[in-house]
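Here is the structure we will look at, set down as structure tokens.
None of the figures in this text is laboratory data; all of them are computed from the coordinates on show. Because the structure is predicted, anything quoted here is derived from the model rather than measured. Glycine gets a Cβ as well: all are built from the backbone with ideal geometry, and neighbour counts include every protein chain shown.
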Ligand SMILES: CC(C)(COP(=O)(O)OP(=O)(O)OC[C@H]1O[C@@H](n2cnc3c(N)ncnc32)[C@H](O)[C@@H]1OP(=O)(O)O)[C@@H](O)C(=O)NCCC(=O)NCCS
């Protein structure tokens, strides 16, 4: 089933379909404010946007059924500032979920990010989903987030061996996140 989907970089002509995928993916989630598609629009206008790391999953018929965006964040520890990537948002159309598309998007985004030289990703997400892609509790590494969220949901992953070594501090999101 996985082979039916192609993962590729998003194009400007995809933006309206991508917004729809995001809106539909998050529509039934009670714990969020259903504005993720606006976040993506703001990020695309910001310095944090990395076009190479905003990916879509497309069917052979050209329908976009999934999307992931990795954008730049800082991890700040006093004078020391490190550029990492935030994974946000990740979306798969409800009728295409549990087919491995989310996993495929994450793995491919990680692979491309690593090729571009990034070493660490951070996210706020489901504690039972992301560990299978290498995510661990950020607090284990002394990495903090600028909002109240359960410790288990604030996660980090290494894209390179020892990427998290000597890295600690506060994650500083770009203004686009509206935090
Ligand atoms: C989370 C999401 C991207 C996963 O995409 P997907 O293509 O269904 O994921 P995959 O097929 O790669 O993986 C499916 C597995 O993840 C699990 N999973 C999916 N969502 C989960 C969640 N919220 N919590 C825990 N596990 C979850 C499924 O139970 C399934 O597990 P299994 O393989 O043991 O059966 C998709 O469900 C989605 O778009 N959800 C709404 C938006 C959202 O929550 N985005 C992430 C914000 S952190």
Given the Cα-Cα distance of residue 6 and residue 98 and 0.36 nm per residue of separation, how much length would full extension add, in nm?
31.5 nm
Using a Gaussian network model on the chain with a 10 Å cutoff between Cα atoms, which of 89, 150, 131 fluctuates the most?
150
With a Förster radius of 30 Å, plug the Cβ-Cβ distance of residue 140 and residue 41 into 1/(1 + (r/R0)^6) and report the FRET value to the nearest 0.05.
0.35
Counting pairwise Cα distances across the stretch 1-55, what percent come out greater than 14 angstrom?
61
What is the mean projected area of the alpha carbon convex hull for the stretch 1-116, to one decimal in square nanometres?
8.2
Considering Cα pairs under 8 angstrom that are at least six residues apart, work out the relative contact order of the stretch 2-177 and quote it in whole percent.
22
Percent of Cα pairs exceeding the 14 Å cut-off, where the set is the stretch 38-100
63
Residue of 88, 12, 48 that the Gaussian network model of the chain assigns the largest fluctuation, springs spanning Cα pairs under 10 Å
12
Over the chain: helical MRE at 222 nm, DSSP H runs n ≥ 4 each giving -39500 (n - 2.57), nearest 500
-6000 deg cm²/dmol
Can you tell me what share of the DSSP beta bridges in the chain is antiparallel? A percent to the nearest 5 is fine.
90
Taking 0.36 nm per intervening residue step and subtracting the Cα-Cα distance, what contour gain separates residue 162 from residue 107 on full extension?
18.0 nm
